[in-house]
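The values are calculated or read from the model by the stated rules, or taken from the named source; none is laboratory data. The structure presented is a predicted model; accordingly, all values stated were derived computationally and were not measured. Every residue, glycine as well, gets a Cβ built from its backbone with ideal geometry; the counts of neighbours run over all protein chains shown. The accessibility values were calculated without ligands, DNA or RNA, using every heavy atom of the protein model including side chains. Shrake-Rupley method; radii C 1.70, N 1.55, O 1.52, S 1.80 Å.
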Amino acid sequence: MAKDKNRFSPFRYHRKPTVHWKDSREMHRVMHSLPGLIRGLLLELLDHPMSRHDIRQYLQRMSMSDSPGGKADKAQLNLEEHLLTAQERGVMEERDGTYFLTPGGREVAEHMNEMIPLFMEWALSPETASLLAMWLHAFFSVLKVVFGIISHSAGLISDGIDTTVDTISSVLVWLGIKYDRERLVSVFIVITMFASVVGVALATYHKVIHPGPVSDGLAALAVSALCGLVMLGISAYQYLVGTRRSNLAILCQAVDSRNHFFTSMLVCGGILLSFAARAWDAPWLYYGDVVASSIIGLLILRGAIELVGEHLKAAGEPADVRHFLGRAMEGRKEKIVFNWLRAQLRVEPLTRQELEARFTTDLCEGTPKIMILSGIGYHHGGEADLHRCLDRFVEQKKIVEDEGRFWLVGS
């Protein structure tokens, strides 16, 4: 079967023939030597030349999706240096106060314009998410079980058992996506989660019968903490992929990966209690490892029950696995809107209609091209987003509404 020419390929990405550069290696070296926001600016210059004022406005739009003092704000301060760098690299030129792409710069911008959507399509695909989870689970399961046995940590062994079962479920997810059987596979994932509860119960029972210290605790603590932090990042990634693609199997994995972060923190707590038991000569603290292992089992059980509820939904009803990642993403969106709103109300109080017009122009129609291509950053939900946030900010007393106008608190 011939390969899809529009599919992202690392080989094609790095070996594409060039016209204005010696080879693709030189083009990529120049491209990656530019600040990230200037690379985004090249995409804007593809459509039309820009004055320094236009460039400042572009950076201001980018800063709306960034935290105060972030990259966009620093780029505003260092704009002169960044523009000189771009001109020295041969991607941009200035004539009469207006900035244009050079032929080499246009080739770089066209290359990014083509490859960014393909790369994001690949990076945010269920296939990529499932393969990444499969390899990480396989590696972490071996790591946790080995160090759990060496250190005699029931919590780490329990977590290792759960991760081993998840390795199997990751393989099932990948097969389900490949053969279009996502919902059937998600049933198997729930079954494996219940099976892992049994394994955790056995490890916990053994620790109750044979209580003792966690040996090599520092190594076990480091392994558990590292695995937990990685799984927190993976959970956020899986949640993003699952919600964008409405893929229940990936959402199941996001919930399970979230649980692994919590369980890793619990294991760390049990190991720290073991240290305290030795330091304070308090053997009863050894049962902290048992408590951690028991809570792990209960968390897995709760996650399995939550997913059973999803399977009982009517066919075609969208999956809605609400956990802290969803709340965090909504909080991020509110922060972006509030940063924009604060900038508007600092100058003068505005009516809802005036804010609507500016919101549409600034955050809806004025979205930088790099955000549209990558799919990352604030993506508006129209005026409904603004109204929901205004009501929330009034309730939180960040702004007040008086005589039809909104005022910034403290201004």
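So how exposed is residue 232, as accessible area in Å² (1.4 Å probe, rounded to 10)?
50 Å²
Quick one: if you stick a label point 7 Å off each Cα along the C-beta vector at residue 348 and residue 93, how many nm between them?
Here the answer is 4.3 nm between the modelled labels.
For 229, 45, 273, give me the order by solvent-accessible area with a 1.4 Å probe, most accessible first, ignoring ligands, DNA and RNA.
Ranked from most to least accessible, the order is 229, 273, 45.
Would you check the accessible area of residue 51, probe 1.4 Å, heavy atoms only, in square angstrom rounded to 10?
Accessible area, nearest 10 Å²: 40 Å².
Would you mind getting me the FRET efficiency between residue 222 and residue 85? Use the beta-carbon distance for r and R0 = 41 Å, nearest 0.05. All intermediate terms of the calculation are to be shown ahead of the outcome.
Working: r = 40 Å, r/R0 = 0.98.
Efficiency at R0 = 41 Å is approximately 0.55.
Determine the gain in length on full extension of the stretch residue 280-residue 178; use 0.36 nm per residue of separation and subtract their C-alpha separation, reporting nm with one decimal.
Contour length minus the Cα-Cα distance gives 31.2 nm.
Let me cross-check residue 335: its accessible surface, 1.4 Å probe, with only protein heavy atoms counted, in Å² to the nearest 10?
About 100 Å², ignoring ligands and nucleic acids.
Hey, can you grab everything whose amide H is under 5 Å from the amide H of residue 398? Only 5+ residues off in sequence or another chain; H modelled, so Pro and N-termini drop out.
Amide H neighbours of residue 398, under 5 Å, 5+ apart: none.
Using R₀ = 56 Å, calculate the FRET efficiency as 1/(1 + (r/R₀)^6) where r is the Cβ-Cβ separation of residue 20 and residue 357; round to 0.05.
Between residue 20 and residue 357 the formula returns 0.85.
Based on the Cβ-Cβ distance of residue 48 and residue 388, what FRET efficiency does E = 1/(1 + (r/R0)^6) give at R0 = 41 Å, to the nearest 0.05?
Working: r = 34 Å, r/R0 = 0.83.
Efficiency for this residue pair is about 0.75.
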